[in-house]
Amino acid sequence: MRGPPVRSLHICASIVLLALLCIHESSGNSLGYSALEERRADLLLPQISPTATPQPFLPLLAPSPLTPFTNSTIPKLSGICVLNFTSLSNMMMVTSTDCMAAFAPVLANVVCCPQVEATLAILIGQSSKYTNTLALNGTLAAHCLSDFQQILVGQGANDSLSKICSIHSSNLTGGSCPISDVSEFESTVETSNLLAACGKIDSVNECCEQVCQNAVLDAARKLAQKAYSLLALDDSHVLSDHTTRINDCKSIVLRWLGSKLEPSRAKEVLRGISNCRINKGCPLNFPNMSHVIEGCGAGKSNQTACCSSVENYVSHLQRQSFVTNLQALNCAASLGVRLRKANITKNVYSQCHISLKDFSLQESGCLLPSLPSDVIFDQSAGVSFVCDLNDNIPAPWPATTQLPASSCNKTVKIPALPAVASGQSNFQQKGANYIPSLTAFVAILIVV
C-alpha cells in the first residue's frame, strides 16, 4: 500500500519534538491536507489467531530528549501528603517517562493516563498499610495530587496531566463508596477469591474471559451494598447513582489489590484491566465528513475523486493520537458505520486501499500493541516505544450500519504479543527492508 521503505532521517531533538506538538495542535483545523501518497494494492492477509506466532514489532527510536527531561528539578512539596512517593520511585520515573512533555497528548489514551491511574492506585494502596484506609479525605487528596504532579513534572512529565488525563483530587477519595477502611473491606469482601482471580492475570485473554474484572466487580458490588443497607435505615438519605457507586467501589478494590500485590505485579494487573476498557473504543474524533460524502456518495462514479476525499479525511485522523491495533479496528468500524449511514454502501476501504495503520498517528502508520506498554528512556539512546510498522491488514468494511458488539468476535485477528525484533538496525519481511525511527516518523509529517 505504501511507497518505498522509510529510511532513517537525522533531525535534532528539538525540531522533532516541536514538530510533533505543532502537528498535534493542528489536529482541530479544517481539512486541507494533501492526499496520502499513491497506494499500491494490498493482498488480504490470512487471519492470524491471537495465539499464533506474530510478526516482529520494532521499537521506534527518538533522538535524545530535550534538556528539561534529563535535568530533573526539585519539586516543592506540601509536606502534608501521606503517600510514600519514595517507595515507588522507579514507578514514578516510569510514569514521568510515559507522560513526558512532548508525547503525553498523543500517548495519553493508551500509555500515559493508564499509567498515571495505576500509579495513584498503588500509592494509595501501599499507604493503607500504615493508615488503614484505602481513600484520602478531600484536603489530603488535593495536597497529594499536587505533590504527585510536581514530582512528575520535575522529572520531565507534561505539566498539564490533570487536564490531559482528567485527574482530579476527588479521584483520590472514596467517592460514594461506603467502605474505605481496610479492616471493614476485608470483612466484607471474599479477599481470597479476589487475590486468586487477580493475583496474576492472563494479559492476552483477560479482556474476553474477564476473570479478574468479574472478581473486582463482585467485590465492588458487595461494598456498594453496604450503602443500601445503611440507607434503608434512614429514609432521609437518597440513593446516589448506582453505576457511580459501583465505579467508586471498584477504585477501592483496585487500591486494595495495590496494597497486597508487589508493586510491579500490581501495575501489571491494573494496566491489564484498564487496557481492556481502552481497547473497546476508538479515541479519535471524527470531524465533518461532507467532503467524503460528496465525493463517494450514491451516483458518484469518479473513483479518483472518491479516494482523494477519503485519503484527505484519513490523513486528518492520523494527526490526532497513537492508537492500538484493536482501537484501529474500532475506529475503522466507527468511520465505516458513519459512511454507511450517509448512504455510502460501497467498500471505500478496499477501493482506496485503507489499512488499519491509516487510523494511527503519523504517515508511516504506527500502531501500538494492544497489550500494556511503556515508553523507555535511555540516557544514550533517548526515548523509544514499541510500534508495529509491519502489519498491513486492510481496514474491514462494516457489513451493516451497526457497530460490532465485541472485539472478542472480530473477524480480523490481531497478534496479541509482539515477537522479539532483531537486534540489528533493520530486518526483512516479505521482501521489504524497514529502517524505522521516530526522527523519520516526524520528518514525514513535516513534508506532508
**Asked** Which condition does residue 159 not pass, out of (1) more than 22 Å from the chain's Cα centre (by Cα); (2) surrounded by fewer than 22 Cβ atoms within 10 Å (Cβ to Cβ), if it passes all the others?
**Response** (1)
**Message:** If a residue must be more than 26 Å from residue 262 (Cβ to Cβ) and assigned to a loop (DSSP other than H, G, I, E, B), how many such residues does segment 117-155 contain?
**Reply:** 1
**Message:** With in contact (Cβ under 8 Å) with a residue 24 or more places away in the chain, farther than 21 Å from residue 104 by Cβ, in contact with a Gly (Cβ under 8 Å, 6 or more places away or on another chain) and among the polar types (S, T, N, Q) as the only criterion, which of 347, 325, 302, 343 stands out?
**Reply:** 343
**Prompt:** When segment 162-208 is examined, which residues are found to be of a type in the set (A, V, I, L, M, F, W, C), under 15 Å from residue 254 (Cβ atoms) and either open to solvent by 50 Å² or more (accessible area, probe 1.4 Å) or touching a Gly at 6+ places or on another chain (Cβ under 8 Å) (or both)?
**Reply:** 195, 201
**Message:** Condition check: at pLDDT 90 or above, open to solvent by less than 40 Å² (accessible area, probe 1.4 Å) and under 18 Å from residue 283 (Cβ atoms). Does residue 332 satisfy that?
**Reply:** yes
**Request:** Determine whether segment 122-139 contains at least one residue that is touching a strand residue (DSSP E or B) at 6+ places or on another chain (Cβ under 8 Å), open to solvent by 10 Å² or more (accessible area, probe 1.4 Å) and not basic (Lys, Arg).
**Result:** yes
**Request:** Return a yes/no flag: does segment 343-350 have any residue that is open to solvent by 20 Å² or more (accessible area, probe 1.4 Å), among the hydrophobic types (A, V, I, L, M, F, W, C) and modelled with pLDDT of 90 or more.
**Result:** no
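Report yes if residue 254 is touching a residue at least 24 places away in the same chain (Cβ under 8 Å), open to solvent by 40 Å² or more (accessible area, probe 1.4 Å) and within 25 Å of the chain's Cα centre (by Cα), otherwise no. Before the answer, list the steps.
Values: touching a residue at least 24 places away in the same chain (Cβ under 8 Å): yes; open to solvent by 40 Å² or more (accessible area, probe 1.4 Å): yes; within 25 Å of the chain's Cα centre (by Cα): yes.
Yes; evaluated as a whole, the condition is true for this residue.
The values are calculated or read from the model by the stated rules, or taken from the named source; none is laboratory data. Every value quoted in this text rests on a predicted model; they were computed, and no experiment measured them. Reconstructed Cβ throughout: ideal geometry from the backbone, glycine too, with neighbour counts over all protein chains shown. Heads up: the accessible areas ignore ligands, DNA and RNA and are worked out on the full protein's heavy atoms, side chains in. Shrake-Rupley method; radii C 1.70, N 1.55, O 1.52, S 1.80 Å.
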